[in-house]
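Colleague: Take this structure first; my questions come after.
The values are calculated or read from the model by the stated rules, or taken from the named source; none is laboratory data. Quick caveat: nothing in here was measured; it's all calculated off a predicted structure. All Cβ positions, even for glycine, are placed from backbone atoms using ideal geometry, and neighbour counts span all protein chains on display. For accessibility, only protein heavy atoms count, side chains too; no ligands or nucleic acids. Shrake-Rupley method; radii C 1.70, N 1.55, O 1.52, S 1.80 Å.
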Amino acid sequence: MKASTATSLPASQRIAALDMVRGFALLGILIMNMPGFGTSFFAEADGSHLWPGRVDQIAEAVRDMLFSGKFNSMFSLLFGIGFTLQFARMQLADPQHATTIYLRRLLVLGVIGLLHAAIFWTGDVLHIYAGLGLLLVLGLRRVSDRTLGVLAVVCLLYPAISGALRLVLMTPDVTAARVALGQAFEASNNAAYGHGSFWDAAREHMHEFAFFYADPWSLWGTLGFWVQMALTMLLGVLAGRHCVAQRLPELLPQVRRWHVWMLVLGLAFGALFTVIFEMQRTPGPTPLKLVGGVAYWLSRLAMMLFYVLTIVRLAQRPEWARRFAPIAAAGRMPLTNYLMQTALCTTLFYGWGFGLWGKVGPAAGFVLSLAIFFLVQVPWSLWWLRHHDQGPLERLWSRLTYGKAGPAPATVAASKA
């Protein structure tokens with residue numbers, strides 16, 4: 001394998017709009033992950049409201065309508081775009097070893113994600129990106145655009161098919177057993193995360209993570225999340241193949257048309273699923289919940305695209321590009337900032353830290369998310385990038401992928417696109 005001294009693509013040569021989108025994705029992910037840092041994933045298993053206050057309930061509804069699923073989808077879209085750009089340039093730099101190098105890159109990401117999920121926070125998404133990346137490298141990168149489009153449509157149909165099966169298979173007895181299991185997990189989460197030591201929390205994360213993949217009913221739900229991520233990753237691969245990020249100026253007329261439609265559809269479907277799930281809080285599947293599940297998926301996709309199109313349209317204007325530059329700095333260090341969010345929030349909420357577990361509702365959690373991102377992560381990213389060309393964990397990821405010699409120049413450029 002040809003190698004050279006490790007360098008990083010200069011900021012002036014990066015696709016600035018992608019860094020901006022990554023930065024906003026980090027903010028949205030933090031907003032949506034905040035409840036999972038401070039309360040159990042299994043809270044409200046019986047359909048009750050954990051936060052009875054009116055302000056908190058409004059904040060929760062707005063958060064779910066405007067943020068839920070939109071920003072991890074944004075990251076998976078970017079992952080698909082990045083994969084296409086990176087792998088193409090790796091093939092140019094070293095065609096004989098490109099597949100091996102990228103597989104090693106995914107292996108490192110997968111190990112980081114599994115350690116994150118099993119020890120530090122069960123809500124990790126990195127291992128999912130790594131798993132889906134393996135599918136891209138080992139098979140889907142060779143298929144046609146038409147095949148990718150068909151697979152995306154199949155993913156889009158998944159909630160209707162899954163919801164219909166649940167109506168048939170999930171009996172009242174099964175529902176009651178799942179509620180009881182959820183309440184037991186909520187109690188053990190509260191003890192381990194709210195009052196336990198670091199090692200108590202780590203053991204609980206391992207138990208929880210194993211449950212999500214070993215229990216058949218939970219695995220069904222986990223599969224749904226994988227399919228959600230796969231849908232937008234496939235769209236990202238298609239966008240990468242057609243160089244959409246590089247052709248933004250010429251595509252602006254189409255972007256404007258899509259922009260309005262995505263907002264209308266996103267808000268309409270978002271309002272629909274929010275109302276349905278609030279009306280039908282009693283556990284168990286119903287035909288109306290099936291409609292709500294489909295509406296959630298459509299809202300998730302449409303609102304995500306609306307946010308992306310908003311950012312890329314504004315990024316074409318110099319004044320907005322300057323305003324977004326600090327957020328883009330955070331987006332240049334996505335792995336570091338994503339894992340930093342876990343470090344900061346578990347320290348704030350867990351019993352071995354400041355012990356805020358169960359004490360921060362949706363409204364305060366939203367404010368806390370903004371504070372962490374804009375007062376900690378953005379300034380820290382700006383400071384770090386004044387002195388370094390990569391984030392600390394991005395550099396570690398590169399070293400573990402390429403070794404001490406570092407990647408060939410074209411590969412480095414790909415990894416930073």
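Colleague: In terms of solvent-accessible area of protein heavy atoms at a 1.4 angstrom probe, what is the ranking of 388, 205, highest value first?
Modeller: Result, largest first: 388, 205.
Colleague: Full-extension gain between residue 267 and residue 215, please, as 0.36 nm times their residue separation minus the C-alpha to C-alpha distance.
Modeller: Separation in residues times 0.36 nm, less the Cα-Cα distance, equals 15.3 nm.
Colleague: Calculate one ³J(HN,Hα) per residue across region 75-81 by plugging θ = phi - 60° into the Karplus curve 6.51 cos²θ - 1.76 cosθ + 1.60, and present them in order as whole Hz with x for glycine and proline.
Modeller: 5, 5, 4, 5, 4, x, 4
Colleague: With an 8 Å Cα cut-off and a minimum separation of 6 or more residues, compute the relative contact order for region 71-196 in percent.
Modeller: 15
Colleague: Tell me, what is the percent relative contact order of the chain, built from C-alpha pairs under 8 Å that lie six or more residues apart?
Modeller: The value is 38 percent.
Colleague: So how exposed is residue 200, as accessible area in Å² (1.4 Å probe, rounded to 10)?
Modeller: In the full protein context, residue 200 sits at about 60 Å².
Colleague: Let me ask another. How far is it, in nm, from the label point at residue 396 to the one at residue 153 when both lie 7 Å from their Cα along the line to the Cβ?
Modeller: Placing both labels 7 Å beyond Cα along the Cβ direction yields 4.4 nm.
Colleague: Calculate, for region 157-198, the solvent-accessible area per residue in square angstrom, rolling a 1.4 angstrom probe over the heavy atoms of the protein chains.
Modeller: So region 157-198 comes to 53 Å² accessible per residue, rounded to a whole number.
Colleague: Could I get the Rg over Rh figure for the chain? Both from C-alpha atoms, Rh via Kirkwood, rounded to two places.
Modeller: Radius of gyration relative to Kirkwood radius: 0.95.
Colleague: While we're looking at this one, here's another question. Note down the nm distance, to one decimal, between modelled labels 7 Å out along Cα→Cβ at residue 314 and at residue 167.
Modeller: 4.1
Colleague: Sticking with this structure for a sec: Roughly how many whole Å is it from the C-alpha centroid of region 265-337 to that of region 43-98?
Modeller: 9
Colleague: Something else: Using a 10 angstrom cutoff on alpha carbons, build the Gaussian network for the chain and name the most mobile of 346, 232, 99.
Modeller: Of 346, 232, 99, the most mobile in the Gaussian network model is 99.
Colleague: Same structure again: Using the heavy atoms of the protein chains and a 1.4 angstrom probe, tell me the accessible area per residue for region 1-145 in square angstrom.
Modeller: On a per-residue basis, 39 Å².
Colleague: On the accessible surface of the chain, probed at 1.4 Å, how many percent belong to carbon and sulfur atoms?
Modeller: Taking all protein chains in place, the chain shows 70 percent carbon and sulfur surface.
Colleague: Can I ask one more? Starting from 0.36 nm per residue, how many nanometres of slack lie between residue 41 and residue 183 once their C-alpha separation is accounted for?
Modeller: Computed gain between residue 41 and residue 183 is 50.1 nm.
Colleague: In Å and whole numbers, how far do the C-alpha atoms of region 253-295 stretch along each principal axis, longest first?
Modeller: 45, 13, 10
Colleague: Given a 1.4 Å probe and the protein chains all in place, what does the accessible area of residue 307 round to, in Å² to the nearest 10?
Modeller: Looks like 40 Å² after rounding.
Colleague: To continue, here is another question. Which distance in nm do the two modelled labels at residue 374 and residue 114 give, with both placed 7 Å along the Cα-to-Cβ direction?
Modeller: For residue 374 paired with residue 114, the spin-label model returns 4.0 nm.
Colleague: Helix-derived [θ] at 222 nm for the chain: sum -39500 (n - 2.57) over DSSP H runs of at least 4, divide by residue count, nearest 500?
Modeller: About -25500 deg cm²/dmol.
Colleague: Right, another one. Which whole-angstrom value gives the distance between the alpha carbon centres of region 372-402 and region 233-253?
Modeller: If we compute the Cα centre of each part, the gap is 26 Å.
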